[in-house]
Amino acid sequence: MRIVLLGPPGAGKGTQAKRICETYKIPHISTGDLFRENMSKDTPLGQKAKEYMAQGLLVPDDLVIDMVEDRLTHDDVLAAGYGYLLDGFPRTVDQAQALCRINAKRDCELDFAINLEVPFDILIERVSGRRICPTCHATYHIKYSKPKVEGVCDLDGTPLYQRDDDKVETVKKRIQVYQDQTEPLIEFYQDKQKIININGLQHMDDVFENIEEILSGVKKR
């Protein structure tokens, strides 16, 4: 099974990606993890990515595509029948077209692009309310998942903090950038009849149940 998971910051992609991959035995491939892995191992692709990032520049499409294509040759992808869940790729129509070409080399195609839909104001509330423990990295929320003692980690008593990325103004910018980038991408997958829109406002179990209903039908084919 080959899946692209789309959704803005705060839509719950991480939770759903984990459950999908565990249920359908496919690897979760996150571009963020790919960048970190290639840079920590100092691979040729990682070295090139570092050069761009050190200058504050976006890593160009061709380099991101090369990194993803290389990852899709790994044993866990092949063991899953060339199956995967991609998270964070593609972000643009050019990247989506490149993924089509990569799949075509294996004589296969994407099954679905799952798009988690959540209203703008709810996303801001979800993300800006997150609090993190700097010691054990446990995550809390000031409304939905409060610590027992306000502002303090339940596990080790460390004061919690809010990441710069989670501050309201930054969140608004992140979501706007995502929407500007992703609108053409969603249209691309709609034209190919691959897009599945899921209501991300539901409880996470209900979101997964909706996803599973669709994916179970694919698996039976």
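The values are calculated or read from the model by the stated rules, or taken from the named source; none is laboratory data. Please read all numbers here as calculations on a predicted model, not as lab measurements. With ideal geometry, Cβ positions are generated from the backbone for all residues, glycine too; neighbour counts draw on all protein chains shown.
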Quick one: in segment 26-45, which of the residues that are at pLDDT 95 or above and not in a strand (DSSP E or B) is surrounded by the fewest Cβ atoms within 10 Å (Cβ to Cβ)?
Pro27
Where a residue in segment 11-37 is closer than 13 Å to Ile114 by Cβ and its partner, wherever it lies, is among the β-branched types (Val, Ile, Thr), with Cβ under 7 Å and at least six apart:
Ala11/Val118; Gly12/Val207; Gln16/Val207; Gln16/Ile211; Ile20/Ile3; Ile20/Ile211
Only one of Arg91, Arg106, Arg19 is surrounded by fewer than 20 Cβ atoms within 10 Å (Cβ to Cβ), under 22 Å from Asn210 (Cβ atoms) and charged (D, E, K, R). Can you tell me which?
Arg19
Condition set in a loop (DSSP other than H, G, I, E, B) and in contact (Cβ under 8 Å) with a residue 24 or more places away in the chain, scope segment 51-80, selection surrounded by the most Cβ atoms within 10 Å (Cβ to Cβ): answer is Leu72
Within the group Arg131, Arg91, which residue is closer than 28 Å to Cys21 by Cα, in a strand (DSSP E or B) and of a type in the set (Lys, Arg)?
Arg131
For residues in segment 141-182 being in a helix (DSSP H, G or I) and of a type in the set (Ser, Thr, Tyr), which is surrounded by the fewest Cβ atoms within 10 Å (Cβ to Cβ)?
Thr170
Can we say Glu109 is touching a residue at least 12 places away in the same chain (Cβ under 8 Å), within 23 Å of Arg19 (Cα to Cα) and of a type outside the set (Ser, Thr, Tyr)?
yes
Has segment 195-203 got any residue that is closer than 28 Å to Tyr84 by Cα and part of a helix (DSSP H, G or I)?
no
Only residues that are among the β-branched types (Val, Ile, Thr) and free of Cβ contacts under 8 Å to residues at least 60 places away in the same chain: list them for segment 156-178, please.
Thr158, Val168, Thr170, Val177
For segment 38-89, enumerate the residues that are more than 18 Å from the chain's Cα centre (by Cα), within 26 Å of Lys25 (Cβ to Cβ) and of a type in the set (Phe, Trp, Tyr).
Tyr82
Suppose we keep only residues that are outside any loop (DSSP other than H, G, I, E, B) and of a type in the set (A, V, I, L, M, F, W, C) within segment 94-111. Which one would you say is nearest to Leu6 (Cα to Cα)?
Ala96
